[in-house]
1. When Lys and Arg each count +1 and Asp and Glu each count -1, what net charge do the other residues less than 12 Å away from residue A:273, Cβ to Cβ, add up to?
2. With +1 on each Lys and Arg Cβ and -1 on each Asp and Glu Cβ, how big is the dipole of the range B:11-114 about its Cα centre, in debye rounded to the nearest 20?
3. Sorted by packing (mean other beta-carbon atoms within 10 Å per residue), highest first, where do B:326-337, B:352-363 land?
4. Only Lys, Arg, Asp and Glu count, each charged at its Cβ (+1, +1, -1, -1), so figure out the dipole size of the range A:311-431 about its Cα centre, rounded to 20 debye.
5. Taking K and R as +1 and D and E as -1, what net charge do the other residues with C-beta under 9 Å from the C-beta of residue B:102 add up to?
6. Can you give the helix-only mean residue ellipticity at 222 nm for chain A, where every DSSP H stretch with n ≥ 4 adds -39500 (n - 2.57) and the sum goes over all residues, rounded to the nearest 500 deg cm²/dmol?
7. Which percentage, to the nearest 5, of the DSSP beta bridges contained in chain A is antiparallel?
8. From Cα pairs below 8 angstrom and at least 6 apart in sequence, can you work out the relative contact order of the range A:439-496, rounded to a whole percent?
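Here, each number is a calculation from the coordinates, and none is a lab measurement. Keep in mind the model is a prediction, meaning the values are calculated, not measured. Here the Cβ positions follow ideal geometry from the backbone for every residue, glycine too, while neighbour counts run over all protein chains shown.
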Amino acid sequence: MAVPGAGWEVVIGLETHVQLSTASKIFSGASTAFGAEPNAQASVVDLALPGVLPVLNRGAVERAILFGLAVGATIAPRSVFARKNYFYPDLPKGYQISQYEIPVVQGGSLSTWVTPRGGEPYAKTVRLTRAHLEEDAGKSLHEDFAGLSGIDLNRAGTPLLEIVTEPDIQVADVERAALEAVAYARELHQLVTWLGISDGNMQEGSFRCDANVSVRRPGGPLGTRCEIKNLNSFRFMQQAIVHEALRQIDLIESGGTVVQETRLYDPDRDETRSMRSKEDAMDYRYFPDPDLLPLEIAPDQVEALRVKLPELPGAMRERFAREYGLGDYDCALLTTTRASAQYFTATVAALGAVAGDRGAKSVANWMAGDLAAALNSAQRDIVDSPVSPVQLAGLIARVLDGTINQKAAREVFAALWAGEASDADALIEARGLRQISDSGALEAMVDAVIAANPKSVEEFRAGKEKAFNALVGQVMKQSRGKANPAQVNELLRARLGG
Amino acid sequence: MSALHVESLAALSRRLAAREVSAVELARVYLERIERHRALNGYLDVRPEVTLAQAAAADARRARGETGPLLGLPVAHKDIFVTREFASTAASRMLEGYMSPFDATVVERLAGAGMVTLGKLNCDEFAMGSSNENSAYGPVANPWDAAAVPGGSSGGSSAVVAARLAPVATATDTGGSIREPAAFCGVTGIKPTYGRPSRWGMIAFASSLDTAGLMTVSAEDAAWVLSAMCGFDPRDSTSVDRPDEDYTRDLQRPMDGLRIGVPREFFGAGLAAEVERPVRAALETYRALGATLVDISLPSAELGIPVYYVVAPAECSSNLSRFDGVRYGHRAKDPVDLLDMIKRSRAEGFGPEPRRRILVGTYVLSHGYYDAYYIKAQQVRRLIAEEFQRAFTRCDLIAGPVTTTVAFGFGEKAADPVSMYMADLYTIPGSLAGLPSMSLPCGFGEGAHAMRPVGLQLIANHFDEARMLGAAHQYQLATDWHRRVPAGFGAEDA
């Protein structure tokens, strides 16, 4: 059976609406906090009462500039807010203020790694067309009003950065094309949260992707595209793109033609369905908003923000690999969020240079292991970790210098997490966890175990490696877990002549 | 004190300061006159209890030792400014009875200076019109001649000041809506530089043109009130960040050496002789006062009307979209669905002129027409503004007629929108350039029009209001046209 979609190339461009993390709205002083009572956060400006005027939130502009700098885009010295006119009950003014002809961020690109199932990871760069500032609309609530609709304008006027890509995803493999789109979206999500310009909360609508999907024969002209909306998770995005590309391919192969339209993804049915076609496309009658002056951005304002730009995840991944000899997996994991990267670098710094690559690797292991598990089960963010980078470094130092073994270390970690002491050394002393590295004492234990377990000794000599492990276990038990396992191994092998 | 209403603001201010009259007493004088002259239809909302409470508050401020030239003086506001204590309708059915939760900045600033609100003034619906015939609440009469329109859109403002039903009224000017009614009613009207007074709380018609201003008896009165009214407002992004100004500072400045530009194009074939004669005479008065008249040309000014009737409707079509029946204002009964609700609410709520301009504006912004109309209009608008700047290298002020004719009769132009639009031929160019401009009474028409006033227009460069007001005041010291009161409203009407 042929692979579904074989012989077709899928072309994808993405538009992402990122809610910016300003405390107040883009053109009013009302709060942007999520979850308030309906209309409790709608000011006279958001309600579009007669006589109100918009005033641009400079914080939204700064966030747009930071984004532009992070993707290597041009920051337009002069950009223009326009009105997009259409009637809808949750659009109070009857127009949306957006940037149309001259957006604030122009060009730029985003690079990411794509890992195909069972394949080698490869780099993918997607060029950005633009990113522009605009306001969000309110919400229409169709339930609970007995045949009427309710309008909640809390979200109206929330600042958005709409980030538009070139149709740079062009892959002759449906799954792979969707994978690249998702990789881009994940990279973008990581970047905007990393920069702190958005909380990236997809459930609350802070990061919303629309995908423009078309198919063509490789090398042929671009096909007619459909825009898929409502991709509010990466999983849905993957599914929706695959579904939509196959739908278009089936349609063409069965003699039909793709109609340019907007389609909504329904995750429950795993299908897209038509919202509106180009024929009913509205004429938005864009024109520059006379209530707002053109947005002028001086070069020194851009430079002041460039200085504030943090090291970006991509650069940091490369640096971790270079400086600490960490593998791709560790580097990616440590840079999932800026907070985890900061935790890592703070812990490595507290550990000191002597620990070297071994120390860094150890920190990475702890962060991926016990720390991640503890944070996960406590539903806490790493910035709120009860075990600080200094405490974790203190613990790791004692493992590295042989004071305690791994088993004891996990016990110390749990005690630090529970707040039983402020540092590892105090716990090691209080609990007597110092491992036994005195070879005299260990030799005595080893001899006693050999004497008491002739059967295991015999089995080992007959070639059963498992029997050796049982003997090691017995010595550890004798030492109440404090024996240095490496030393025990060595001594046993010497005694048994193995 | 039987004829307080014919006194100047400065005189009333002195009386208040000397405690010869209280703010409450003064308010009562005007409230009584407003009631007596209801037939003029200048006021849309009068609430004596609100006015008297504000007056009592002003008196209390004075009793606590507060002073200030405007403390306790009455003012009436054009219904384009939103107010908390009076309904704000823009003279439209759409906003019948609408109460704003906040005051316009202009209202707030004048209240802060202690002014007492007499009520809200009639105007053309959403400030669209030149005759006040477009009000949903009936036209305003011209106090000089009952058969003549008072002008528009600020016809209520000009008529009540002419009739001395308010010593000063706020007004708004988009293409001539202060200057033309000021000329038609024989009062002093000033439109300051665009961006100088705040637009916060002005019900928007054409945002890039809408400018708050005043109707007063004299330029001196205007200078006092304008000083309190104008200033930077962070709530209006087009408000210019400059310190407040004292617009009375140049009132006594002599006219010697003042160069007055007289644009050739303002004296063309369309200008009625009965308007041209008093305007020419006013220019001669300036010459006699020591000013120099300079012949200037504004060749693109005649394109002002077509440009204006693209830009203003375009902006209006968008600005008026918020009136959809969803959150406030008129909502159609028993809508079958959402679209029906929006369509019928708007069709029922808006009168013919807003509907016409929304349609024109929607058209010129449509895909395929935008470049030919809106972009082209903006290019010509820039050209007109540049021509003014070139003219101001050769002169300090520009002077000419306000209108081509004296006030026309009711119904005369109502059937022909384009001839109505021509009423703003001389005022639109200055509006497009955002320039401050005034209308001063300078005479009357002839024959059957002997009771129809004529206005002299002054146009100054940006932010040069003080010099313009100074020149206006000097003219008014030399003439008494502005002191004339229509029969039945003067000292005898006490």
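1. Net of charged neighbours comes to -1.
2. 300 debye
3. Put in order of decreasing packing, that is B:352-363, B:326-337.
4. Here the range A:311-431 has a charge dipole of around 180 debye.
5. -1
6. That calculation yields -12500 deg cm²/dmol at 222 nm.
7. Beta bridges within chain A, antiparallel portion: roughly 90 percent.
8. Taking the mean separation of contacting Cα pairs over the length of the range A:439-496, I get 38 percent.
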